[in-house]
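Novice: Please see the structure below; I have some questions.
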Amino acid sequence: MSAVKKIAVLTSGGDSQGMNAAVRAVVRSALYRGLEVFGVQRGYQGLLNEDLRQMDLRSVGDIIQRGGTILQTARCKEFLTPEGQQRGAEVLRKHGIDGLVVIGGDGSYQGANKLSKLGIKTMGLPGTIDNDIPFTDFTIGFDTAVSIVVDAINKLRDTMTSHERSSVVEVMGRHCGDIALYAGLASGAESILVPEVPFDIREISQRMKENFQNGKRHSIVLVAEGVGRGEDIARDITAHSGIEPRVTVLGHIQRGGAPTHNDRVLASQLGDFAVQKLEEGDSAKACGILRGELVTTDIDKVVSTKKAFNMDLYNLAIRLAQ
């Protein structure tokens, strides 16, 4: 495969903190290597609309600390069709673009995979707060989202302790409970409910009741949204224990705000790495970090594999939640 001369970058799916840092890294790394680089506005929808603009050093100035994505993002049903995918490849070829960096989650990777099969060299960067992309220890935005949840729980503990109350906190994670797991362990939550592990609400309710009887002044139950609504969990706890937890749904606040230094560094490493691999002629790969080492994995393999849940970490959280 020949090396690329002109590349594009887009962000797709849900936004995540660190996407801007990744865009910055892709653009500046490409320019450093003497490549032309274009930004695609509004993801795959913008690609089909030919909403492309050439990027220079100043295009990505003063964005590394900003949340969201300067390229914006949008869902695109048309790109789910073979006709839409063919149209996307034709737009890229029309503009002489022979390489594309896609920053997003599983759905974004699916699109990159389709384009690669149509002759476009592609690289995927894991931009999602859910940390649900396999073959990478962490995704861009995950560290920031966890930090936001931990900060919220710290504040909730202050008021819960003052009033000797319990709290149910609902966080994002439809199919992956990593935000709840990491935030729960880091904040000392008494119970962590995730889609990957069955739970008995009666047991949780009884343990909460016993904790209060033994002098505990507050209790935090952390719920990944894939388990169910926080309101429903709280109602079940009340039915089984008589305790009436207060419910906090953090929602999209988890996707906003300035990225942590960890997310900025990870995004910068992966963005530069993606451009390097494209320049070397590589394609149809997803970039990630495993045990501190930058790696690529076939996108075909990534989109067909479910990320393993860290049961060791979950069991640690259970052991420490006494």
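Novice: Residue 278 fails exactly one of the following numbered conditions: (1) at pLDDT 95 or above; (2) of a type in the set (A, V, I, L, M); (3) closer than 20 Å to residue 184 by Cβ. What is the number of that condition?
Specialist: It is condition (3) that residue 278 fails.
Novice: So, residue 16, is that one in a helix (DSSP H, G or I) and within 25 Å of the chain's Cα centre (by Cα) or not?
Specialist: no
Novice: Taking into account only those residues within region 173-198 that are assigned to a helix (DSSP H, G or I) and among the hydrophobic types (A, V, I, L, M, F, W, C), which is nearest to residue 234 (Cα to Cα)?
Specialist: At the first step, the residues of region 173-198 found to be assigned to a helix (DSSP H, G or I) are 178-187.
If we keep only those that are among the hydrophobic types (A, V, I, L, M, F, W, C) as well, we get 179-181, 183, 185-186.
Working: 179: 20, 180: 16, 181: 19, 183: 19, 185: 20, 186: 22 Å.
Among those that are assigned to a helix (DSSP H, G or I) and among the hydrophobic types (A, V, I, L, M, F, W, C), it is 180.
Novice: For the condition at negative phi, surrounded by fewer than 22 Cβ atoms within 10 Å (Cβ to Cβ) and not in a loop (DSSP other than H, G, I, E, B), what is the one hit in 74, 89, 30, 21?
Specialist: Only one candidate qualifies: 89.
Novice: Another question, if that's okay. With 267, 286 as the choices, which residue is assigned to a strand (DSSP E or B) and under 30 Å from residue 98 (Cα atoms)?
Specialist: When all the criteria are applied, what remains is 286.
Novice: Failed condition for residue 65, given (1) within 21 Å of the chain's Cα centre (by Cα); (2) crowded, with 17+ Cβ neighbours inside 10 Å, with all others met?
Specialist: Among (1) within 21 Å of the chain's Cα centre (by Cα); (2) crowded, with 17+ Cβ neighbours inside 10 Å, residue 65 violates only (2).
Residue-by-condition table, conditions (1) surrounded by fewer than 24 Cβ atoms within 10 Å (Cβ to Cβ); (2) in a helix (DSSP H, G or I); (3) at pLDDT 95 or above:
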position	(1), (2), (3)
132	yes, no, yes
146	no, yes, yes
203	yes, yes, no
215	yes, no, no
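Novice: Return only the number of the condition from (1) surrounded by fewer than 17 Cβ atoms within 10 Å (Cβ to Cβ); (2) in contact (Cβ under 8 Å) with a residue 24 or more places away in the chain; (3) assigned by TED's automatic domain parsing to the domain that holds residue 182 that residue 313 does not satisfy.
Specialist: (3)
Novice: Considering only residues of region 217-237 that are within 21 Å of residue 148 (Cβ to Cβ) and part of a loop (DSSP other than H, G, I, E, B), which is modelled with the lowest pLDDT?
Specialist: Ranking the candidates gives 218 first.
Novice: Would you please list the contacts, defined by Cβ atoms under 7 Å and residues six or more apart or on different chains, that run from a residue in region 63-88 that is assigned by TED's automatic domain parsing to the domain that holds residue 49 to a residue that is among the hydroxyl-bearing types (Ser, Thr, Tyr) and assigned to a helix (DSSP H, G or I)?
Specialist: Listed by first residue and then by second, the contacts come to 76/44; 79/44; 88/44.
Novice: Could you say which residue among 129, 120 is closer than 22 Å to residue 283 by Cα and β-branched (Val, Ile, Thr)?
Specialist: Criteria check complete, one pass: 120.
Novice: Continuing with the same structure: Being in contact with a Lys or Arg (Cβ under 9 Å, 6 or more places away or on another chain), in the same structural domain as residue 17 (by TED's automatic domain parsing) and over 18 Å from residue 68 (Cβ atoms) is the requirement here; does residue 133 meet it?
Specialist: yes
The values are calculated or read from the model by the stated rules, or taken from the named source; none is laboratory data. What you are looking at is a predicted structure, and each value in this text was computed from that prediction instead of being measured. FYI the Cβ positions are ideal-geometry reconstructions off the backbone, even for glycines, and counts take in every protein chain you see.
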